[in-house]
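Asker: Handing you a structure now.
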Amino acid sequence: MNRLSLFLVASLIFGFVFLYAPIASVVVYSFNASRLVTVWAGFSLQWYGALFENEAIGRAARVSLQVALIAATGALGLGTLAAYGLVRYRRFAGRTLLAAMTTAPLVMPEIISGLSLLLLFVALEQATGWPQGRGIATIAIAHITLGIAFVAVIVEARLSAFDRSLEEAALDLGAGPVRVFLTITLPLIAPALAAGWLLAFTLSLDDLVIASFTAGPASTTLPMVIFSSVRLGVSPQINALATLILIVITVLVAGANRLLRVR
Amino acid sequence: MQIERLTKRFEPDAQPAVNNVSLAIDRQEFFALLGPSGCGKTTLLRLIAGFETADTGVIAIDGADMAGVPPYRRPVNIMFQNYALFPHMNVARNVGFGLRQERKPRGAVDARVVALLELVKMRALAARRPGQLSGGERQRVALARALAKEPKLLLLDEPLTALDRKLREEMRFELKHIHQRVGITFLMVTHDQEEAMSMASRLAVMNEGRIEQEGSPEHVYENPANRFVAGFLGAVNLFEGKVAGAEAGLLIVDSEAGRLAVAHSPLAAGTAVAVAIRPEKLRFMTARDTTTPNVLPGIVRTIAYRGEASTCQIELASGQLVRGTMSNGDGKAPVFLPGAALSLSFTPDAARLLQS
């Protein structure tokens, strides 16, 4: 196949334009000098300046980062344990169920996850007094449940390809099980762990639906701020914010991909 | 090392992978466990290393019972078939891994690593990662790593299988040489009978979890205990028959290839036996020459030229195909071409009788 038909090339271009032209326009208009989103009035960085002076957005960014850090770390720990159990213990009661339930959040509609978690938190508060209202903690817990699935899938793939004889060789050479894990297993699956963490972080950072259900009045995340301000009309400030988020997420996802590719 | 009545089943009702095996290996021996794949030899090795637990039986090393001793406390090291080098460490760190676990001072570890790399001729590549090494180089590093802690017993799982033919033959000599220099007991597992015979001082042939025969390579080759051993260790021609009687100190067997005389202690007439004769012990004669005993007339069917000798398939009058070896050495022996009629013969003490 050395010549592409015109039709194929046209479809490809159309597809990419459809996918990326709106994103490109968001980025371009973030540098617009005009207040109107649809009229180009020259290059300017004023909206980025305004963005950094906007306290509501600054607060939301801090909330989002906190939530994402807690959620990614929690998901990494639990997801890794789940993956380890699934790969290393081939036979135990409920293994199939665990495997299915670990990966279910990948396909679960977010609206259902969000709603069910909201109901859970409300019921918990009535029954035990915790959590007192909703906030960073509840969003983080909700995002952990989402992130576990992604971490587990990535780490499971890595562990499945892991050569067990490396661990046996280390055991044979006199390293106890804990040392084997720390000196052999952990360094070799570290790229998958880092990639899993980055993906969980990214997911948490851009989630709107689940966060809306589980957030409290004082814990608005960035996507929630964007969503609510857009309803009042698109401001170029939001374009600037979206551009920044786009850059952060692109870097994180590219990093995760790179980690998974290098042996 | 002593193994007594060792049995291991992976499934409760399945055929045991290792079945009632007893074995004694002396200090500084080079012992080979030889068998086809799936015969349980690797399982036996893993039992000794401590990766598997036996159902019944005892493994003792230097008199110490190994039951319940985890792999990291056994005076045994193993060289894996795939070498299992740590990909995230360089050659020197791989070799020094075991020594670092003993928390030896750094200088001592480094000195020992250098000596080991010297021994396997890998000193120049100490800073390389395993991914940058060839198969033969990896094998040397794996060997050095397994020798580093001076184990009482070194286990080698198919040590040469992953190498190409020429390298394999060189490494045979080198492994033997290293064995002599380090004075450690070697226990090698292999499916390659030539490898086992050329390297080991003693070997055991395994099949279906059992040890079929044990002894020096010469003894087992020359006196196979049964049909499996005879066929697995080298090539063999078998003539099925029944004992007819004794005559002039020789046992006479009525076989499908005719009446054969074999040097053997007397057996009751009518006992079912097989006369086993190695290809290289069959003499090739022109068809007219029929003065010696045990003459088998036949026709040459195919000849496989192998350089120093040729392997021939000869069809006997009974229709049975027999394998013979024709030396290409001096150019004086008669040369037969496919289709030629000839007679094969063997002396009564060249053949063996197999009863099982």
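Read the figures in this text as sums done on the coordinates, not as results from a lab. This is a predicted model, so every value here is computed, not measured. Cβ atoms come from the backbone with ideal geometry, glycine included; neighbour counts cover every protein chain shown.
Asker: In the calculated pair distance distribution of region B:227-276, what percentage of Cα-Cα distances lie above 14 Å?
Answerer: Tail of P(r) above 14 Å: 48 percent of Cα pairs.
Asker: Express the relative contact order of chain A as a whole percentage, based on alpha carbon pairs under 8 Å and six or more residues apart in sequence.
Answerer: On the way: 305 pairs, mean separation 80.5, N = 263.
Averaging sequence separation for qualifying contacts and normalising by length gives 31 percent for chain A.
Asker: Let me ask you something else. Which of the lysines could a cross-linker bridge to B:Lys176, judged by Cα under 20 Å and excluding same-chain residues fewer than eight apart?
Answerer: Those lysines meeting the cut-off are B:Lys121, B:Lys149, B:Lys152, B:Lys166.
Asker: Which aspartates and glutamates have a Cα lying under 13 Å from the Cα of B:Lys281, excluding residues fewer than 8 positions away in the same chain?
Answerer: B:Glu222, B:Asp349
Asker: How many percent of Cα pairs in the protein assembly as shown exceed 30 Å? Display every interim value, and only then the final one.
Answerer: On the way: 133660 of 191271 pairs.
Percent of Cα pairs beyond 30 Å in the protein assembly as shown: 70.
Asker: Between 0 and 90 degrees, rounded to the nearest ten: what's the tilt of helix A:110-128 against the longest Cα principal axis of chain A?
Answerer: The two axes meet at around 70 degrees.
Asker: Jot down the per residue volume, in cubic angstrom and as a whole number, of the convex hull over the alpha-carbon atoms of chain B.
Answerer: 176
Asker: Same structure, new question: Give me log10 I(q)/I(0) at q = 0.08, 0.12 Å⁻¹ for chain A, Debye formula, one equal scatterer per alpha-carbon, no solvent.
Answerer: Those come out to -0.45, -0.89, one per q.
Asker: Report for chain B the percent antiparallel among DSSP-assigned beta bridges with both residues inside it, nearest 5. Spell out each step's value before the answer.
Answerer: Details: 58 of 76 bridges.
Beta bridges within chain B, antiparallel portion: roughly 75 percent.
Asker: Let me know the longest stretch in chain A that avoids all chymotrypsin sites (Phe, Trp or Tyr not before Pro) found in a DSSP loop with at most 14 other C-beta atoms within 10 Å. Numbers along the way, then the final one.
Answerer: Values: sites that count: A:Trp40, A:Tyr89, A:Phe92.
After excluding every exposed loop site, the longest remaining stretch is A:93-263.
Asker: Roughly how many whole Å is it from the C-alpha centroid of region A:137-168 to that of region B:123-165?
Answerer: That distance is 33 Å.
Asker: Right, next: Below 8 Å between Cα atoms, with a sequence gap of 6+, how large is the relative contact order for chain B in percent?
Answerer: Averaging sequence separation for qualifying contacts and normalising by length gives 15 percent for chain B.
Asker: Also: Return B:Ser37, A:Ser11, A:Ser44, A:Ser165 ranked ascending by Cβ neighbour count within 10 Å, so the fewest neighbours appear first.
Answerer: Values: B:Ser37 8, A:Ser11 11, A:Ser44 14, A:Ser165 18.
Listed from fewest to most nearby Cβ atoms, that is B:Ser37, A:Ser11, A:Ser44, A:Ser165.
Asker: Going by how many other beta carbons lie within 10 Å of each one, how would you line up A:Leu120, B:Leu187, fewest first?
Answerer: By the 10 Å Cβ count, ascending, the order reads A:Leu120, B:Leu187.
Asker: Which angle from 0 to 90°, rounded to the nearest 10, does the C-alpha axis of helix B:165-182 make with the longest principal axis of chain B?
Answerer: Rounded to the nearest ten degrees, it is 60.
Asker: Going by how many other beta carbons lie within 10 Å of each one, how would you line up B:Lys166, B:Lys152, B:Lys281, fewest first?
Answerer: B:Lys166, B:Lys152, B:Lys281
Asker: In whole Hz, with x marking every Gly and Pro, tabulate ³J(HN,Hα) for region A:8-17 from phi via Karplus 6.51 cos²θ - 1.76 cosθ + 1.60, θ = phi - 60°.
Answerer: For region A:8-17, the Karplus-derived couplings read 5, 4, 4, 4, 4, 4, 4, x, 5, 4 Hz, x marking Gly and Pro.
Asker: If you don't mind, there's one more thing I want to ask. Step through the residues of region A:233-247 one at a time and calculate ³J(HN,Hα) from phi using the Karplus curve (6.51 cos²θ - 1.76 cosθ + 1.60, θ = phi - 60°), rounding each to whole Hz and writing x for Gly and Pro.
Answerer: For region A:233-247, the Karplus-derived couplings read x, 6, 9, x, 4, 5, 4, 4, 4, 4, 4, 4, 4, 4, 5 Hz, x marking Gly and Pro.
Asker: Let's test the formula: R0 of 25 Å, r as the Cβ-Cβ distance of A:Ala100 and A:Val248. What FRET efficiency results, to the nearest 0.05?
Answerer: Values: r = 33 Å, r/R0 = 1.31.
Efficiency for this residue pair is about 0.15.
Asker: Treating only the Cβ atoms of Lys and Arg (+1) and Asp and Glu (-1) as charged, compute the dipole magnitude of region B:235-354 about its Cα centre; round to the nearest 20 debye.
Answerer: 160
Asker: Another one. To the nearest 500 deg cm²/dmol, what mean residue ellipticity at 222 nm is calculated for chain A from DSSP H runs of n ≥ 4 alone, each contributing -39,500 (n - 2.57), summed and divided by the residues?
Answerer: -25000 deg cm²/dmol, from helical runs alone.
Asker: Which of A:Leu188, A:Trp130, A:His143 sits farthest toward the positive end of the charge dipole of region A:129-217, with +1 on the Cβ of Lys and Arg and -1 on the Cβ of Asp and Glu?
Answerer: Positive-most Cα among the choices belongs to A:Trp130.
Asker: What does the charge dipole of the protein assembly as shown about its Cα centre add up to, to the nearest 20 debye, if the Cβ of each Lys and Arg holds +1 and the Cβ of each Asp and Glu holds -1?
Answerer: The dipole of the protein assembly as shown has a size of about 1420 debye.
Asker: While we're here: Distance between the C-alpha centers of region A:59-113 and region B:200-235? Whole Å please.
Answerer: 55
Asker: So how tilted is helix A:186-206 from the main axis of chain A? Cα-based, degrees 0 to 90, rounded to 10.
Answerer: Between the helix axis and the principal axis of chain A, the angle is about 30 degrees.
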